[in-house]
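Remarks on the structure that follows.
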Amino acid sequence: MDGGGTGVRRLTVGTGAGLDTADMVLNIGPQHPSTHGVLRLKLVLDGEQVLACEPVVGYMHRGAEKLFEVRDYRQIIMLANRHDWLSAFANELGVALAVERLMGIEVPERAVWLRTALAELNRVLNHLMFLGSYPLEIGAITPMFYSFRERETLQTVLEEVSGGRVHYMFNRVGGLKEEVPAGWTHRARRAIGQVESRMPDLDRLIRRNEIFLARTVGVGVLDAATAAAFGATGPVARASGLDFDLRRDEPYLAYGELDVPVVTRAAGDCHARFEVLLDQVYVSLELANRCLDRVDQLTGPVNVRLPKVVKAPEGHTYAWTENPLGVNGYYLVSRGEKTPWRMKLRTASYANVQALATLIPGCLVPDLVAILGSMFFVVGDIDK
């Protein structure tokens, strides 16, 4: 309206009969407790309803793929270890598998089974973090304490074998860094047993909690067709009914000798994604136990002897793994030198977070955090 002939036009933002209205543009992040890192969501709001969502990435980008080109094949494992800081062992493993495939290296059987056991323990550690942090983001504090109790039990085991609690650096081209300590498999099985016996505490606390159900059931529904169109994989895709898991469908390591149950749901909502994560913990603990039983039956080395300077022959290869958050792909191109000519990462979080542009519009602001947290991503895994 005209304010006393000054020519200033005052615009009322909101809803109501006879009022001029305008959409509000709101930024969530790049620093926000539910974004699991430095992610920015540019939202267009009409009142409390989200009309459009644009994920803005790149705030943590450190050029890992470019750095691979000036690091040798031993050093790139350290760089690839870090993009998904909750899945460090799995990240190392993918690089090692790609290099071994290009060089034609056959990894000793004992190392194969140890790698499989450690990969499953790393999967459990990843899932437990989200099983504690996701309820916390929508107001439930207690599950965090339960999930971290189990994480500490398993991290003690991983720390003993590798020396690290987060970035293990235990994979090497050709196997593992070193043999596991004497009696380690027994202590690992005991830790797994403790976690298995206490997981029902966390399960009963949150899975059927009526407040948690009200915040997650029917919220943020991602149907199977949309999940597939965006290239979503892992727990996010399986919660939408996509029955795909590389451990079963294109086995690597020792998975071909294991019966891998694949946890799926059909609802595709926030609760389905949480349930898939929760039930996968039980599966991975059982798989790790079976791998450790097999390790105890095997003797021999856990790595192969490599030359002082490792050079992959000229060529290219692609290795992919079922990482905790979804499928990771490693495209390696070599020109016969000691460093890769090109190493391209296909990370799970990068693909999964794209679906937010379709998933969030139409929801209300109070449901935004519930949807965002249920996509289970790590921002470093997006930005690399």
Largest-first principal axis extents, alpha carbons of the range 251-310, Å: 51, 31, 16
Tail fraction, Cα-Cα pairs, the range 145-231, threshold 17 Å, whole percent: 67 percent
Aspartates and glutamates whose Cα lies under 19 Å from that of Lys338, excluding same-chain neighbours fewer than 8 positions away: Glu65, Glu69, Asp72, Glu92, Glu100, Glu314
Global size of the range 333-384 as Cα Rg and Dmax, reported in angstrom: 16.7, 54
Area accessible to solvent at Arg71, 1.4 Å probe radius, in Å²: 80 Å²
Those lysines that a straight Cα-Cα span of less than 19 Å connects to Lys344, excepting residues fewer than 8 apart in one chain: Lys66, Lys311, Lys384
Computed magnitude of the charge dipole of the chain (debye, nearest 20; Cβ of K, R +1, Cβ of D, E -1): 1120 debye
Paramagnetic reach from Val309 in the range 68-85 [backbone N under 20 Å; point 7 Å along Cα→Cβ]: 68-77
Projected area averaged over orientations for the range 184-269, convex hull of C-alpha atoms, nm²: 7.7 nm²
Distance histogram for the chain (every C-alpha pair counted, 10 angstrom bins, percent rounded to whole numbers): 5, 22, 30, 23, 11, 5, 3, 1, 0, 0
5 Å-binned pair-distance histogram of the range 149-308 (Cα, whole percent): 2, 8, 13, 15, 17, 16, 12, 9, 5, 2, 1, 0
Principal-axis tilt of helix 109-137 within the chain, Cα atoms, nearest 10 degrees: 20 degrees
In Å, descending, principal axis extents of the Cα set of the range 77-119: 28, 23, 10
Heavy-atom accessible area order for Glu210, Glu100, largest first, 1.4 Å probe: Glu210, Glu100
Helix 270-295 axis, angle to the chain major axis (alpha carbon atoms, nearest 10°): 10 degrees
Mean projected area in nm² (Cα convex hull; one quarter of hull surface) for the range 64-185: 8.4 nm²
Relative contact order of the range 244-384, pairs being alpha-carbon contacts under 8 Å that are 6 or more residues apart, as %: 17 percent
Amide proton proximity set for Val327, modelled H, under 5 Å, gap of 5+: Thr233, Gly234
Residue-wise HN-Hα coupling along the range 87-103, computed from phi with Karplus coefficients 6.51, -1.76, 1.60 (Hz; x: Gly, Pro): 10, 4, 5, 5, 5, 4, 4, x, 5, 4, 5, 5, 5, 4, 5, 5, 8
Dimensions in Å of the range 210-256 - Rg and Dmax from alpha carbons: 14.0, 41
Relative contact order %, the chain, counting alpha carbon pairs below 8 Å whose residues are six or more apart: 25 percent
Taking N as its residue count, the alpha carbon Rg of the range 123-166 over 2.2 N^0.38 Å: 1.23
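The values are calculated or read from the model by the stated rules, or taken from the named source; none is laboratory data. Because the structure is a prediction, the values reported are computed rather than measured. Don't worry about glycine lacking a Cβ; one is built from the backbone with ideal geometry, like all the others, and counts go over all protein chains shown. When the accessible area is computed, the model is the full protein with side chains, heavy atoms only, and any ligands, DNA or RNA have been set aside. Shrake-Rupley method; radii C 1.70, N 1.55, O 1.52, S 1.80 Å.
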